[in-house]
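No lab work stands behind these numbers, since they all come straight from the coordinates. Just so we're clear, the structure is a prediction, and the values are computed from it rather than from any experiment. Cβ coordinates were reconstructed from backbone atoms using ideal geometry, including for glycine residues, and neighbour counts include every protein chain displayed.
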Amino acid sequence: MSDAQIKSLNDKSLISIDFANSSVKDQLACRFLNIIFPDATAISSEAVTYTSKISINWSVRAWLKSSCVFSPSTTDMTSVGMKVVNFFGNKFAIRSGGHTPDPEMASIDDGILFSLENLNMVQMDESLSIASIGPGNRWGDVYDKLAPEGYLVVGGRVPPVGAGGLITGGGLSFFSGTHGFACDNVLNYEVVLGNGTIVNANAHTNSDLWWALKGGSNNFGLVTRFDLKAIPKKDGIIWGGNIYFSPLQSEAVIKALTDFQQVGQIADPKAALIGNWIRAPATSLTELTDILRITVFHQDPTDGIPESLQPFFDLKPVLSTAMNRTLLSLAEDTYGPAGIVPPARQLFRTLTVGANEELLNYAYAKFNTSYSILFPSLASVAVLTHQPVSEAMASHGARPMNVPGKAQTWLIVNIQWALEISDKKILKIAKDFLDDVKAKSVEMGLDEDFLYLNDAARGQEVLEGYGAASVAEMKTISAKYDPAQVFQEQVTGGFKVSKA
Ligand SMILES: Cc1cc2nc3c(=O)[nH]c(=O)nc-3n(C[C@H](O)[C@H](O)[C@H](O)COP(=O)(O)OP(=O)(O)OC[C@H]3O[C@@H](n4cnc5c(N)ncnc54)[C@H](O)[C@@H]3O)c2cc1C
């Protein structure tokens, strides 16, 4: 496309269109993109490519029917696409890995879907201190490509999750104890702004935008490249795996989890874990969680079990897969059986509470009683996830995402089910459960306003939890870089700073 053609996209007087009619606008924009970039624009709802592209999202709830799917493979193509939707005034959504379970966050009915799977570069710079990655990468591919070079980066804990959403939403990693969140390790963002301009945002250039993107999600621009601090790891070997417990061991496991937050995680910030209480009633005969699975991790390979994680092994788990291995191998193990479940309707909802044994025991008991109603007919799996976050993780770098500077637990509930007719009931069960745990945390003085964006459900007050000062600053930055408010008005999905 010539410069003159690109320039003409900014001139609405050249043609006369019914700009009030979104269907006409969408058809025109899609047709336009399809003519300029035929291989990158899937347009017909009859076509196999289109159908497979709208079904990339992890949750079937997010398989919405956009008017077309535009999959740019370069930053310049992304910029042209942005100018097109800017000109026609289309609603659009941005999808990197598509792991947000709710509809309309990374999918859209009608409108245009920017699907970033072809922005998938992974490249070390010559100084070997920066890994540049495209947002459309999945973390498994990033680890796989960087390992032979002898480097790792701070990213997701399971292979299929996308880079774009995880980093712009914060990014809790196995390495967060020593390196902070994924966003704390971004040296530079390459961004396409709402008017199609391409800018870089780093500590020296557009530093306010650099700050805002650390947890600011899709409020400011479309990120086309992340330049990340690379962690040298010559042999690529870490230690970790899954340890499984019987539900009858839950009280002891909860005590070990709380002790880890108060002692182990502080003494040994290279250690990390995630706890999952999993109910999979297709095989369950009990009123209890079927499996407690703790994924344990240590940055350094070891001869035995790291001291900070030894208390879990003292409880004599049913099974352990912990060993020295590559990060990718651990990530695959962490994803585990979830990798083989068929596509399902999914939800995530989150709550942050103080680290406390009594409160966690309460949450666990409530999980079992609240969720009994789901089974056997409504849902196939329910998971309560325990993510221990330390003061050290919170203290890395300035960001709008104001993580409390203390030991805390980020809880997630995830439910998987098949039928759309059950959506309303299941969403309510998840909400009621976490509202109940929230009320208990308030009663115990252990409540927190902060909610982790990447694990939140649509409608949760995530940006409000960043605090009024962060929100005010983000609004100023949004007005500066996106004066036409494209990312507030046209990108309808996500947590919008204009609505906070
Ligand atoms: C199985 C599973 C495991 C997970 N593990 C982790 C984990 O280890 N650590 C963690 O922190 N989180 C984790 N998450 C949560 C995860 O970070 C979020 O779901 C995140 O949104 C996924 O990124 P994505 O690229 O797949 O997101 P998408 O669903 O594609 O996008 C999420 C949001 O980000 C916006 N966005 C995406 N790309 C861009 C871009 N390039 N520019 C601007 N905005 C963009 C989208 O518009 C959307 O609103 C996990 C989720 C699942 C389902």
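Taking only Cα atoms, what is the 0 to 90° angle, nearest 10, from helix 468-481's long axis to the longest principal axis of the chain? For 468-481 against the chain, the angle is about 30 degrees.
Taking a straight line from the alpha carbon of Lys229, these aspartates and glutamates sit under 18 Å away, with near neighbours fewer than eight places off in the same chain left out: Asp125, Glu126, Asp141, Asp144, Glu149, Asp184, Glu190. When Leu222, Leu257, Leu319 are arranged by Cβ crowding within 10 Å, least crowded first, meaning fewest neighbours, the order is Leu319, Leu257, Leu222. For segment 95-201, a crude dipole built from +1 on the beta carbon of Lys and Arg and -1 on the beta carbon of Asp and Glu, taken about the Cα centre, is about 220 debye to the nearest 20.
Counting neighbouring beta carbons within 10 Å and listing from fewest to most, the residues Ser107, Ser377, Ser320 come out as Ser377, Ser320, Ser107. Reducing segment 68-91 and segment 398-477 to their Cα centroids gives an inter-centroid distance of 32 Å.
Between Ser395 and Glu307, the simple label model (points 7 Å from Cα in the Cβ direction) yields a spacing of 2.0 nm.
Projecting the Cα atoms of Tyr371, Val381, Ala398 onto the charge dipole of segment 362-439 (Cβ charges, centred on the Cα centre) puts Ala398 farthest toward the positive pole. For segment 211-370, a simple Cβ point-charge model (Lys and Arg +1, Asp and Glu -1, everything else neutral) yields a dipole of about 660 debye relative to the Cα centre.
Give me the dipole magnitude in Debye, nearest 20, for the chain about the Cα centre, with unit charges on the beta carbon: positive for Lys and Arg, negative for Asp and Glu. That gives the chain a dipole magnitude of about 780 debye.
Computing FRET efficiency as 1/(1 + (r/R0)^6) for Ser246 and Asp110, where r is the C-beta to C-beta distance and R0 is 60 Å, gives about 0.75. When DSSP beta bridges are restricted to pairs lying wholly in the chain, around 90% turn out antiparallel. For segment 360-388, backbone nitrogen atoms closer than 14 Å to the point 7 Å from Leu419 Cα along Cα-to-C-beta are found at 374-380. Sorting Asp482, Asp435, Asp333 from the fewest to the most surrounding beta carbons within 10 angstrom yields Asp435, Asp333, Asp482.
At a Cβ-Cβ separation cutoff of 4.7 angstrom, cysteine residues of the chain with no neighbouring cysteine are Cys183. Angle of helix 250-259 to the longest C-alpha principal axis of the chain, folded into 0 to 90 degrees and rounded to 10: 70°.
Put the Cα centre of segment 329-390 next to the Cα centre of segment 146-173 and the gap is 22 Å. Rounded, prolate or oblate for segment 238-455? Axes are the square roots of the Cα gyration tensor eigenvalues, ordered a ≥ b ≥ c, and the cut-off for rounded is a/c under 1.5. The shape class here is oblate. The angle between the Cα long axis of helix 357-372 and the longest principal axis of the Cα atoms of the chain comes to about 70 degrees, rounded to the nearest 10. Considering only alpha-carbon pairs that sit under 8 angstrom and 6 or more positions apart, the relative contact order computed for the chain is 15 percent. Residues in segment 146-168 near a label at Leu128, defined as backbone nitrogen under 13 Å from the 7 Å Cα→Cβ point? Correct set: 148-152.
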